[in-house]
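Asker: One structure is given below, represented as structure tokens, and several questions about it will come after.
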Amino acid sequence: MRLRTALFVFSLALSLVLSGTVYAGFALHKGDITDRGQETVDVAAKAIAADIDSRLAERTQTVAFTADTLTHGHNSSHDDDTVRSFVAQTPFKGASVIDANGTMRAISVSNLDGAESEQLVGQEFSDRTYFQRARAGETYISDPVAADSGNLIVTISAPVVENGTVVATFN
């Protein structure tokens, strides 16, 4: 009987030690996997952020360059042509020119037909932050906002400058 009891106690102790060792090993391995996973997520997030920053810088330069082409007078047909070709030739889905007084003078939006766009011409946009910041002479990038379409949009606005004076904004 003593031998059986001793063998049982030894088996029980061995089981507890092995179970504890296996549990500790899994716990340590879980921590390593979690740490490696977090490192992978951090690296991917940094790469994505750098890509977004690069694209945003490129798009901001495109908007600023186009704003510079609008400094050649207040020709509404020139503005209409510029915003239409801008939307057609860039990844942007819409563009507009707003006079310094806040009145929309030209707009092109890829998912609006001409009649819907025309309804916006002549309307007041002076209360919009993107207009106010560009009107103050700053090239401005908005935070993402939900559009009526349900999409998140970012507006990039640049001042249209003539003879040192902001005469409009290109958005």
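Asker: For region 147-162, name all the residues that are in a loop (DSSP other than H, G, I, E, B) and either within 19 Å of Thr62 (Cβ to Cβ) or among the hydrophobic types (A, V, I, L, M, F, W, C) (or both).
Answerer: Passing the criteria: Ala147, Val154, Thr155.
Asker: Okay, moving on. Quick check on my filter: what residues within region 84-140 are touching a residue at least 24 places away in the same chain (Cβ under 8 Å), open to solvent by less than 50 Å² (accessible area, probe 1.4 Å), over 22 Å from Asn151 (Cβ atoms) and out of contact with any strand residue (DSSP E or B) (no Cβ under 7 Å at 6 or more places or on another chain)?
Answerer: Ser126
Asker: Could we say that Arg55 is assigned to a helix (DSSP H, G or I), touching a residue at least 60 places away in the same chain (Cβ under 8 Å) and either closer than 30 Å to Val166 by Cβ or open to solvent by 60 Å² or more (accessible area, probe 1.4 Å) (or both) here?
Answerer: No; evaluated as a whole, the condition is false for this residue.
Asker: Restricting to region 96-146, what's the tally of residues that are farther than 13 Å from Val160 by Cα, in a loop (DSSP other than H, G, I, E, B) and of a type in the set (D, E, K, R)?
Answerer: Looking only at that region, the number is 4.
Asker: Is it true that some residue in region 58-71 is exposed (fewer than 10 other Cβ atoms within 10 Å of the Cβ) and not in a helix (DSSP H, G or I)?
Answerer: No, the conditions are met nowhere in region 58-71.
The values are calculated or read from the model by the stated rules, or taken from the named source; none is laboratory data. Note that the structure is predicted; figures quoted are calculated from it, not measured. Quick reminder, even Gly has a Cβ in these numbers, built from the backbone with ideal geometry, and neighbours come from all protein chains shown. Each accessible area value is taken on the protein alone, full model and side chains, heavy atoms only, with ligands, DNA and RNA left out. Shrake-Rupley method; radii C 1.70, N 1.55, O 1.52, S 1.80 Å.
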